[in-house]
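One structure is given here, and the rest of the page talks about it.
No value in this document is a laboratory result; all are computed from the given coordinates. Fair warning: this is a prediction, and the values are worked out from it, not measured in the lab. When we count neighbours, we look across all protein chains shown, and the Cβ atoms used for this are built from the backbone with ideal geometry, even at glycine.
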Amino acid sequence: MRARRSSVSDKRADLFRQHAQRAVALLAFSLQGHAPRWLTFVASNMLLAVSPLLVVTGCRRFLARPWAAYAGLAVLFAGLCYWTFAVPDFNARVTLVSVFHAVLYAARAAGRNRLMAATAKAA
């Protein structure tokens, strides 16, 4: 299967969306104590989780790979809702978000290493 190459404008749009989502997430975090918990805990963490996911998705799209990373986003959402509303547990939420980000950055690094290896092999 041949890799689909994204245009430069697609990459810039993804980068802009990533930064915009981070800004909105940080604004939502700053409203803790002044806004509902669904906004300041769940929505802000989900927006912050989606921003690096856009980078991984962009890399996977560039390399014509499936977007399996969204399954982790569903698990993150379920866990955040559970540990925010059903059984409030700050430590569990921090651990869940940290593990999600660690897996995303590890996937990004692994993808970058594969791309570099493929480039070196072709040269």
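Here the simple spin-label model places points 7 Å from the Cα toward Cβ, and for Phe90 and Arg12 these points are separated by 4.3 nm.
Around Trp83, what is the net charge, scoring Lys/Arg as +1 and Asp/Glu as -1 over all other residues with Cβ under 13 Å from its Cβ? Walk me through the numbers on the way to the answer.
Details: positive: Arg37, Arg93; negative: Asp89.
Neighbour charge sum, excluding Trp83 itself: +1.
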